[in-house]
Amino acid sequence: MERSTIVRVHDGLHARPATRFVKLAKGFESDIEIVKADKSVSAKSSVKLMLLGVKENEEVTVRANGADAIEAIEALIGYLENPLSGTAEEDGATATERAPQAIVQSRPALSVGPVDAGVAGMKGVAASEGFAIGPAFGFFPAEIQHENRMLRPDEIAGEAARLNQAFATVQTRMDTSLAAKGLAESDRGIIAALKDIACDEELTNAATVLVNGGIDAVSAVIGATSKIAADFASMDDPYLNARADDVNAVGRQICLALLGQDDANLEAIPSGSILIAEDIGAWDLARAPLKRIAGVICGHGGATSHVAIIARAHGIPAVLGLGQIVHDLKGAKSVALDGNSGAVFADPDAATADRFREAIGKDNAEKQLLKAYRDVTPTRADGKIIEIAANLGSLEEIEAAQEAGAMGVGLFRTELLFMRHIHLPSEDLQAETYATLAKAFAPYPVIVRTLDIGGDKPISGIDFPDEENPFLGWRGIRMCLDRPDVFKPQLRALLRAAVHGNIKVMLPMVSSIDEVRATRVLIDKCIGELKAQNTPHATFDLGIMVETPAAVMVAPMLAREVAFFSIGTNDLTQYIMAADRLNPTVAKLNDVRHPAVMAAIEMTAKAAVEAGIMVGMCGEAAGRVDLIPTFIKMGLTELSMSPSSIQRAKKCVQELGAAI
Ligand code: PEP
Ligand code: MG
């Protein structure tokens, strides 16, 4: 029997709604198919269902054959007609995030081997200050090495059994991970999505058919996963395209199980290790056990890349941008790094190791002394308070900022909140996140930056065009104004959170006054909507980041439109100097102390002071004690930085005392 309906599930049957549908279907004994146009697939395979690409408002037919066919059709049609099916709201969840789909990229095995004799000192970009020495922990993707082999007929049954065993092993490992205590909801969602794929009959059947046809199990898994991944990659939906990576990641796990190899990951990093990688995603690093990482060394990245920012936020010394020579460290047993100069030593000799230990000891002693400045309120000679605030990327960093003595938040980067979710985070989740921040730091202000995606910070959930120059492209406020469906929920969430504390909002990448005005129109619309819904809300100060040369040039005019400026020296430096902030080859040019950049900062400060609005800084330069006196003299009254720099900055401003 069969019944047709129009699918009302929000966003259609991709990702979580599809896996929920399959789970429901598997609860019935009947054979069940779902039919769209002239295509029908088993309703018990989420891979097949996702590949069918059923969208909201499309017509489908559910066909069932078996003892419980009537009940099955009833339940499945009910599911398809409910817009909330497969969402967190369906579970009655409130603040919990929607389970993200696996966004794990397939990670090849790690390789840590013996010392490469002859590799001693090397130099990269000093990206997060401090010294570190410890055992090397390599995070180097490597392809699975395997040669295809045709099976003899008498080998087929054994190979099929090995294949089943490998699937079972991977499924059990994923179950074990899911059962682990303290697993973050977002990580649980990722692992659960991978497990769904590992259990999917589309994949298991395809691999088994190949083995039964005489192909060895590893080649069969590679063949089956590549085909399914290619199908996902060719779909016209970015969510489904991202499933290709998930399928490859699962295939890799199964191959490793067949080859008897382990795929180590960052979870296994021993305490005190130096993490060495060619590249590491900001999101991978953000959810790694950061407390166990003593230092970070990367082939890619620069001083203001997001890996650097996360390392600094957690006080982890880092040297980035080593380029290809990072591979020379693959064999090192221990590594020493100097995050102030960018020097790296593989297997340091006894004298070098002693020097590092001594430097670490001095650093720790300085940190102890600086603690005395935790509760200091630095002031200028005229009594004006200089706010030393924290740059944060997630709620997990609140504690470190408070411990450091942060006088509020000068920059909350909302990107990580968006990166953590495959769906854009809901307005409710955002409102709750911003309210938590506001409450944590009240009465100090919390400056939330609206979404600054693009450049080096793409996210799944927004389809970014391929751009020749993403840093000069569709990012920050440009993207947000083009996507009110993304921007308005964030603005509404901020208006709602403003009830709970001192929320201020700032716009990234502003280059013209029109962008500010267009944002105000949207804010007014949001206020109107919230009023009509009787939703509690409050207004906020609107400011901008000054990080484009254009904004500097029109700063006097912009200052009449907004409540404050915050100078983003990371981008401002790259745009003034025309030197990509991620490109180690031009790292030398990317220097905030260049007279051109300092002149831009001064022009911005002058415009703000003349207009009587607050001017602060949230780029990495804000934490530099060699520059802080100059910035304060220019008129900056707020400096926002990594929590690890706060006490030193407070000491610096306090000591300036009457001199300013
Ligand atoms: C900046 O550009 O200085 C800044 C603070 O923003 P981000 O580093 O997030 O681009
Ligand atoms: Mg910026």
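The values are calculated or read from the model by the stated rules, or taken from the named source; none is laboratory data. Computed from a prediction, not measured in an experiment: that's the story for all the values here. No Cβ is skipped: glycine too gets one built from the backbone with ideal geometry, and neighbour counts run over all protein chains shown.
When you scan region 461-476, do you find a residue that is over 30 Å from residue 579 (Cα atoms), in the same structural domain as residue 413 (by TED's automatic domain parsing) and more than 21 Å from the chain's Cα centre (by Cα), even just one? Don't jump to the end; show me each part of the working.
Of the residues in region 461-476, the ones over 30 Å from residue 579 (Cα atoms) are none.
No.
Tell me yes or no: at least one residue of region 266-277 is in a helix (DSSP H, G or I) and either of a type in the set (D, E, K, R) or at pLDDT below 80 (or both).
Keep residues of region 266-277 that are in a helix (DSSP H, G or I), which gives 266-268.
Now drop any that are not either of a type in the set (D, E, K, R) or at pLDDT below 80 (or both), which leaves 267.
Among the residues of region 266-277, at least one is in a helix (DSSP H, G or I) and either of a type in the set (D, E, K, R) or at pLDDT below 80 (or both), which makes the answer yes.
Of all the helices (runs of 4 or more DSSP H) wholly in region 363-481, which have at least 3 residues that are at pLDDT 90 or above and over 16 Å from residue 640 (Cβ atoms)? Can you show your working first?
Details: elements: 398-404, 415-419, 427-441.
Per the criteria, 427-441.
Looking at region 587-597, can you tell me whether even one residue there is within 16 Å of ligand 2 (Cβ to nearest atom) and more than 27 Å from the chain's Cα centre (by Cα)?
Going through region 587-597, the residues within 16 Å of ligand 2 (Cβ to nearest atom) turn out to be 590, 592, 597.
Right, trim to more than 27 Å from the chain's Cα centre (by Cα) and you get 597.
Yes; the residues of region 587-597 include at least one that is within 16 Å of ligand 2 (Cβ to nearest atom) and more than 27 Å from the chain's Cα centre (by Cα).
Name the single residue, out of those in region 543-569 being out of contact with any helix residue (DSSP H, G or I) (no Cβ under 7 Å at 6 or more places or on another chain) and within 24 Å of residue 623 (Cα to Cα), that is farthest from ligand 2 (Cβ to nearest atom). First the steps, then the outcome.
Filtering region 543-569 for residues out of contact with any helix residue (DSSP H, G or I) (no Cβ under 7 Å at 6 or more places or on another chain) gives 543, 545, 550, 553, 563-564, 566, 568.
Okay, now just the ones that are also within 24 Å of residue 623 (Cα to Cα), so 543, 545, 563-564, 566, 568.
Details: 543: 14, 545: 6, 563: 19, 564: 16, 566: 10, 568: 4 Å.
Ranking the candidates gives 563 first.
Find all pairs meeting these conditions: Cβ atoms under 7 angstrom apart; at least six residues apart or on different chains; first residue within region 603-627 and outside the structural domain of residue 412 (by TED's automatic domain parsing); second residue within 13 Å of ligand 1 (Cβ to nearest atom) and of a type in the set (Ser, Thr, Tyr).
Every condition considered, no pair remains.
Of these, 351, 303, 359, 365, which one is closer than 30 Å to residue 589 by Cβ, of a type in the set (A, V, I, L, M) and surrounded by fewer than 19 Cβ atoms within 10 Å (Cβ to Cβ)?
Working: 351 fails: closer than 30 Å to residue 589 by Cβ; 303 fails: surrounded by fewer than 19 Cβ atoms within 10 Å (Cβ to Cβ); 365 fails: closer than 30 Å to residue 589 by Cβ.
It is 359.
Quick check on region 423-438. Is at least one of its residues touching a Pro at 6+ places or on another chain (Cβ under 8 Å) and not assigned by TED's automatic domain parsing to the domain that holds residue 482?
no
Consider residue 480 carefully, then state whether it is more than 16 Å from ligand 2 (Cβ to nearest atom) and either within 24 Å of residue 454 (Cβ to Cβ) or assigned by TED's automatic domain parsing to the domain that holds residue 616 (or both).
Details: more than 16 Å from ligand 2 (Cβ to nearest atom): no; either within 24 Å of residue 454 (Cβ to Cβ) or assigned by TED's automatic domain parsing to the domain that holds residue 616 (or both): yes.
Judged against the criteria, residue 480 is not a match.
Can you tell me which condition residue 340 does not meet? The list is (1) more than 15 Å from ligand 2 (Cβ to nearest atom); (2) buried (at least 24 other Cβ atoms within 10 Å of the Cβ); (3) not hydrophobic (A, V, I, L, M, F, W, C), and all the others hold.
Among (1) more than 15 Å from ligand 2 (Cβ to nearest atom); (2) buried (at least 24 other Cβ atoms within 10 Å of the Cβ); (3) not hydrophobic (A, V, I, L, M, F, W, C), residue 340 violates only (2).
Can you tell me which residue in region 491-522 is surrounded by the fewest Cβ atoms within 10 Å (Cβ to Cβ), limited to those that are within 16 Å of ligand 1 (Cβ to nearest atom) and within 22 Å of the chain's Cα centre (by Cα)?
It comes out as 507.
If you go through region 536-565 one residue at a time, how many are polar (S, T, N, Q) and either part of a helix (DSSP H, G or I) or surrounded by 15 or more Cβ atoms within 10 Å (Cβ to Cβ) (or both)? Steps first, answer last, please.
The initial filter retains those residues of region 536-565 that are polar (S, T, N, Q), namely 539, 548.
Right, trim to either part of a helix (DSSP H, G or I) or surrounded by 15 or more Cβ atoms within 10 Å (Cβ to Cβ) (or both) and you get 548.
Matching residues across region 536-565 total 1.
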